[in-house]
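Reading through the structure tokens given below for one structure.
The values are calculated or read from the model by the stated rules, or taken from the named source; none is laboratory data. Here the structure is a predicted model, which means the values were calculated and not measured. Note that we place each Cβ from the backbone using ideal geometry, even for glycine, and neighbour counts take in every protein chain shown.
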Amino acid sequence: MTASATAGTLQSLAAREMRGGRLSTAGFLIGPATIFVTVGLLFPILFLFRYSLNDFKPGVLMIDAFTIKQYVLFFTDPYFTAAFYRTLRVAVVVTAICVVLAFPLAYVIARTQSRWKHLLIMLVVLPLFVGNAVRAAGWMTLFGNKGFLNVSLQWLGLIDEPLRIMFTETAVIVGILAVNLPYVVLTLQSVIEGIDRAVEEAAFSLGAGPMTMFRRVLLPLALPGFVAGGIFCFILTMNAYATPVLLGGPQFVMMGPLVYIQFAIKSNWPLGSAVAFILMAATLVLTAAANLVVQRRYRR
């Protein structure tokens, strides 16, 4: 065996040992998180699915069985299907509006070079220090029949009777927008900061206008941020609880409050488990489908 062959063999062995060391280190680092996710997320989901196959009898928590009765009830009862479509509609509307409103602010923060940048970021983060219930209560004082908005409009003579804003879909959308907007702004801002500003300047130097630059240059580069922010907003909206309850009222039922009603009020654990599992499955399927569609378009 020549010296060069021996050196090559030693290098190969060293490379294998290095790869093995990296794999063992990576396994050691991700092991605790994997165990935590498995125990804290996957097992409860499996138990939830198993509970959803049980039967329910008034006065009894649940009866062991293997039946899809709860799923059939959900998809055949107009009350439950209306709650599902209402949740889906609100989630789509909130996500679309949130992404549109978040981009200008995220772009300004990302491109600001002055000392006020940190202050702008703090102003975006500041609402996150307030709980959802507290913020919903604030919107209630604004949207109520005797709230600040209606009182001000009547005092100015613009309306004769109070506007009905509370306990409507509009109030719920506005309330959830206020909750989700900071998350989308921060997500987009971090992605836009990673885009070299020279790319935009090159587009302008080649004669592109602001809209053309956005459509042909900035949007494709920032698309992962739009996707991440949109998916984050969609998931938060699909699972919203406090805002729909406080601003939507008892007649405006979404999936999150519906799960609580079945578990805590009606004590129907099988149906509550089925509703929760349907909500989780619909959220995961829709977000995965949207991500795949955007990724295919992005690759083109």
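All conditions in (1) surrounded by 12 or more Cβ atoms within 10 Å (Cβ to Cβ); (2) modelled with pLDDT under 90 hold for L105, with the sole exception of (2). Every condition in (1) within 30 Å of V253 (Cβ to Cβ); (2) touching a Phe, Trp or Tyr at 6+ places or on another chain (Cβ under 6 Å) is met by V179 except one, and the failing one is (2). Is it fair to say I68 is within 23 Å of I261 (Cβ to Cβ), in contact with a Leu (Cβ under 9 Å, 6 or more places away or on another chain) and exposed (fewer than 14 other Cβ atoms within 10 Å of the Cβ)? It is true that I68 is within 23 Å of I261 (Cβ to Cβ), in contact with a Leu (Cβ under 9 Å, 6 or more places away or on another chain) and exposed (fewer than 14 other Cβ atoms within 10 Å of the Cβ).
Conditions (1) without any contact (Cβ under 8 Å) to a residue 60 or more places away in the chain; (2) in contact with a Cys (Cβ under 8 Å, 6 or more places away or on another chain), marked per residue:
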position	(1), (2)
M213	yes, no
G229	no, yes
I235	yes, no
T243	no, no
Q262	yes, no
M280	no, no
V285	yes, no
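A quick yes/no check of all residues on (1) closer than 26 Å to A102 by Cα; (2) in a helix (DSSP H, G or I):
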site: L128; (1), (2): yes, yes
site: A137; (1), (2): yes, yes
site: N145; (1), (2): no, no
site: S152; (1), (2): no, yes
site: I159; (1), (2): no, no
site: M166; (1), (2): yes, no
site: A171; (1), (2): yes, yes
site: L177; (1), (2): yes, yes
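Taking the criterion of being free of Cβ contacts under 8 Å to residues at least 24 places away in the same chain and in a helix (DSSP H, G or I), the residues of the stretch 97-120 that qualify are V100, P104, V108, K117, H118, L119, L120. With respect to the conditions (1) more than 26 Å from the chain's Cα centre (by Cα); (2) surrounded by fewer than 16 Cβ atoms within 10 Å (Cβ to Cβ), P220 falls short on a single one, namely (1). Among the residues of the stretch 57-96, write down those that are over 22 Å from T168 (Cα atoms), touching a residue at least 40 places away in the same chain (Cβ under 8 Å), aliphatic (A, V, I, L, M) and part of a helix (DSSP H, G or I). Within the stretch 57-96, just L73 meets the criteria.
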